[in-house]
Amino acid sequence: MNDADAGARPKIRIRGLSVAFGTKHVLRDLDLDVGVGESVVIIGGSGVGKSVTLKCILGLVQPDAGSIQIDGEEVVGLRGRALDRVNAKIGMLFQSAALFDSLQVWENVAFGLIQGEGMDREPAREKAIEKLGQVGLGPDVADLWPAELSGGMRKRVGLARAIATDPEIIFFDEPTTGLDPIMGDVIDKLIVECVRGLGATALSITHDMISARRIADRVAMLHEGKIIWTGPVASIDSSGNDYVEQFIHGKAEGPIQMQVRR
Amino acid sequence: MPILQPIGRVFLNFLAATGRLSLFTVRATSHCVRPPFYPRLVMRQMVEIGYYSLPVVGLTTIFTGMVLALQTNSSFSSVNAESATATIVVFAVTRELAPVLAGLMVAGRIGAAMAAEIGTMRVTEQIDALSTLSTNPFKYLIAPRLIAGLMMLPILVVVGDIIGVFGGYLIAVYQLDFNAANYLAQTWRYVETLGVVSGIVKAACFGFIVSLMGCYHGYHSSGGAQGVGAATTNSVVSASILILGANYLITALFFGVG
């Protein structure tokens, strides 16, 4: 699947997105479409702007130029309740899970239900326990504090929080970073199950190629602020793109030059 | 000239920081008076700032009152004016010492904790997570702390006034052999509304400053543990300086004219 046949109106449509921090240009004229129900993974090295792309869509970073549309609605420049309304469609699993330390696990999972949707605490707690069950955690975890959880459990709780409001779109920021390979596989399978179960559109960023192959329908390679290749995950080994070849095989030699000081 | 460049840079940085702080203050204050409100969070912060600061404020003011009684008696005895001890203690404690010392102690205890907590939330993406969950960080994190600081420090200062005066009484009666009834009568005679009210106004202002500095530096922290540490230090230093500056302005407003 490519951008043209991702659907008549993509769920997420990004055009000409540019972001600079001072003199450092992070994104340069980035274009990307994500179709309805599609799972797209953006791959690329550290510091190429993967996280910034997600933050622009969420309204956490204001781009210098460009357009981002969700369901055809322009989101660049939205503030306050208008931005909250758009963000209510989106769930996000952060790289570090970003659980609120001062809240118990169930309160973390139910946060969007209580604060965003105004649900009462008791039904919100029941739904949080149900969502924890979906990510393989028992009700006994609900009353723990985030500091009492292992890295893998934190990711699962973060995933439960991301899906708690049954969002139409889910973002995954480096979902397997810092996890052992087995837990990485568990998290990837949970992501696929949750996304398919909700029928959600997923946009993930990672530099873990094993994870990318598991969760992606389509892969987009980001380099120097632009998408330089995109295609179905099955075709990534025959991309014919030197940058993609170097990245997926993890070679130091190639067109991507890492800045290494000796 | 090269020598003017660093001066100009410092001046421009100062203006930029002042502008950022002013915008932050206006934005934070506006969220204090616009719904949605989080009474549960305001209550939690009130307990944190008010109840848990009572021991440190109480100890600070009782020792200050005791020292003040000793010093006043020691100094004034040379001019046979020891009888002014009660007056000096009640004036100094209610007008200046209780509000300023309570403000500085709370800046060290609460301002630092706020900066560390919010700074950690910033560098671990918890503040970003709030935004993605349709919750405004200014309403959820900052407004409750500002409201609680504004409301609780005056209460702490009233308690500090009583404990500080009581400290002076203990020393005067049990160490300096003052007559207890006379000392209390003189203290009561010189408890003036203006002095107490000025102390309460100062306390409200200092509470706002402490919370504002803690939230501002925490919210803008970056760079991991080192950044959070710097935010914590900056919050205490800036709050302390602003408290002393604001103390002069409020004192001048209440007592400086006429």
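The values are calculated or read from the model by the stated rules, or taken from the named source; none is laboratory data. The structure presented is a predicted model; accordingly, all values stated were derived computationally and were not measured. Methodologically, a virtual Cβ is constructed for each residue, glycine included, from the backbone with ideal geometry; neighbour enumeration extends over all protein chains shown.
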Starting from residues that are of a type in the set (Asp, Glu) and touching a Phe, Trp or Tyr at 6+ places or on another chain (Cβ under 9 Å), keep the ones in the stretch A:78-120 and report whichever is farthest from A:Val195 (Cα to Cα). A:Asp101
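Of these, A:Ile70, A:Ile90, which one is more than 10 Å from chain B (Cβ to nearest Cβ), crowded, with 16+ Cβ neighbours inside 10 Å and of a type in the set (Val, Ile, Thr)? Reasoning before the result, please.
Numbers: A:Ile90 fails: more than 10 Å from chain B (Cβ to nearest Cβ).
Matching residue, one of A:Ile70, A:Ile90: A:Ile70.
Taking the stretch A:46-78 as the region of interest, how many residues are closer than 18 Å to B:Asn136 by Cα and among the aliphatic types (A, V, I, L, M)?
Going through the stretch A:46-78, the residues closer than 18 Å to B:Asn136 by Cα turn out to be A:55-62, A:75-78.
From the residues that got through so far, the ones that are among the aliphatic types (A, V, I, L, M) too are A:57-58, A:60-61, A:75-76, A:78.
Total satisfying the criteria: 7.
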Collect the residues in the stretch B:1-26 that are β-branched (Val, Ile, Thr) and either touching a residue at least 12 places away in the same chain (Cβ under 8 Å) or in contact with a strand residue (DSSP E or B) (Cβ under 6 Å, 6 or more places away or on another chain) (or both), keeping them in residue-number order. B:Thr25
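Among A:Leu60, A:Leu54, A:Leu83, which is in contact with a helix residue (DSSP H, G or I) (Cβ under 6 Å, 6 or more places away or on another chain) and at the interface with chain B (Cβ under 10 Å from one of its Cβ atoms)?
Working: A:Leu54 fails: in contact with a helix residue (DSSP H, G or I) (Cβ under 6 Å, 6 or more places away or on another chain); A:Leu83 fails: in contact with a helix residue (DSSP H, G or I) (Cβ under 6 Å, 6 or more places away or on another chain).
The match here is A:Leu60.
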Listed by first then second residue, the pairs whose first member lies in the stretch B:132-143 and is farther than 15 Å from B:Ser211 by Cβ and within 10 Å of chain A (Cβ to nearest Cβ), whose partner is of a type in the set (A, V, I, L, M, F, W, C) and outside any helix (DSSP H, G or I), with beta carbons under 7 Å and at least 6 positions apart or on separate chains, are B:Thr132/A:Ile90; B:Thr132/A:Met92; B:Ser134/A:Ala88
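Being under 23 Å from A:Val34 (Cα atoms), over 16 Å from the mean Cα position of the chain (by Cα) and touching a residue at least 40 places away in the same chain (Cβ under 8 Å) is true for just one of A:Ala88, A:Ala65. Which residue is that?
Working: A:Ala88 fails: over 16 Å from the mean Cα position of the chain (by Cα).
The unique qualifying residue is A:Ala65.
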Please determine whether any residue of the stretch A:32-50 is in contact (Cβ under 8 Å) with a residue 24 or more places away in the chain, crowded, with 22+ Cβ neighbours inside 10 Å, among the hydrophobic types (A, V, I, L, M, F, W, C) and over 24 Å from A:Ile215 (Cα atoms). no
What is the residue count in the stretch B:101-155 for residues that are of a type outside the set (A, V, I, L, M), under 19 Å from B:Pro36 (Cα atoms) and touching a His at 6+ places or on another chain (Cβ under 9 Å)? 3
If you go through the stretch B:35-43 one residue at a time, do you hit one that is within 24 Å of B:Gly103 (Cα to Cα) and β-branched (Val, Ile, Thr)? yes
Filter the stretch A:191-219 down to residues that are under 14 Å from the mean Cα position of the chain (by Cα) and farther than 20 Å from A:Asp71 by Cβ, then give me how many there are. 12
Some residue of the stretch A:99-112 being within 17 Å of the chain's Cα centre (by Cα) and more than 13 Å from chain B (Cβ to nearest Cβ): no
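Test B:Val42 against the criterion of being in contact (Cβ under 8 Å) with a residue 60 or more places away in the chain, in a helix (DSSP H, G or I) and on the phi < 0 side of the Ramachandran plot, and give yes or no. Spell out the reasoning first.
Numbers: in contact (Cβ under 8 Å) with a residue 60 or more places away in the chain: yes; in a helix (DSSP H, G or I): yes; on the phi < 0 side of the Ramachandran plot: yes.
When the stated conditions are applied, B:Val42 passes them.
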Name every residue in the stretch B:199-237 that is in contact with a Lys or Arg (Cβ under 6 Å, 6 or more places away or on another chain) and polar (S, T, N, Q), in order of residue number. B:Ser211, B:Ser221
Spot the failing condition for B:Ala181; the list is (1) without any contact (Cβ under 8 Å) to a residue 24 or more places away in the chain; (2) in contact with a helix residue (DSSP H, G or I) (Cβ under 9 Å, 6 or more places away or on another chain), and only one is missed. (2)
Which listed residue, of B:Ile163, B:Ile155, B:Ile147, is of a type in the set (Val, Ile, Thr), away from chain A (no Cβ under 12 Å), closer than 18 Å to B:Phe24 by Cα and within 19 Å of the chain's Cα centre (by Cα): B:Ile147
For B:Gly111, the lone unmet condition from (1) without any contact (Cβ under 8 Å) to a residue 24 or more places away in the chain; (2) touching a helix residue (DSSP H, G or I) at 6+ places or on another chain (Cβ under 7 Å); (3) away from chain A (no Cβ under 14 Å); (4) of a type in the set (Gly, Ala, Ser) is (1)
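Scan the stretch B:178-193 and give yes if some residue there is surrounded by 24 or more Cβ atoms within 10 Å (Cβ to Cβ) and either modelled with pLDDT of 95 or more or farther than 30 Å from B:Arg122 by Cα (or both), otherwise no.
Kept after step one, since they are surrounded by 24 or more Cβ atoms within 10 Å (Cβ to Cβ), are these residues of the stretch B:178-193: none.
Checked the stretch B:178-193: no residue is surrounded by 24 or more Cβ atoms within 10 Å (Cβ to Cβ) and either modelled with pLDDT of 95 or more or farther than 30 Å from B:Arg122 by Cα (or both).
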Take the conditions surrounded by fewer than 21 Cβ atoms within 10 Å (Cβ to Cβ) and in a helix (DSSP H, G or I) and apply them to A:Ala128. Does it pass? no
Evaluation of A:Gly118 against (1) on the phi > 0 side of the Ramachandran plot; (2) in contact (Cβ under 8 Å) with a residue 12 or more places away in the chain (one fails), failing number: (2)
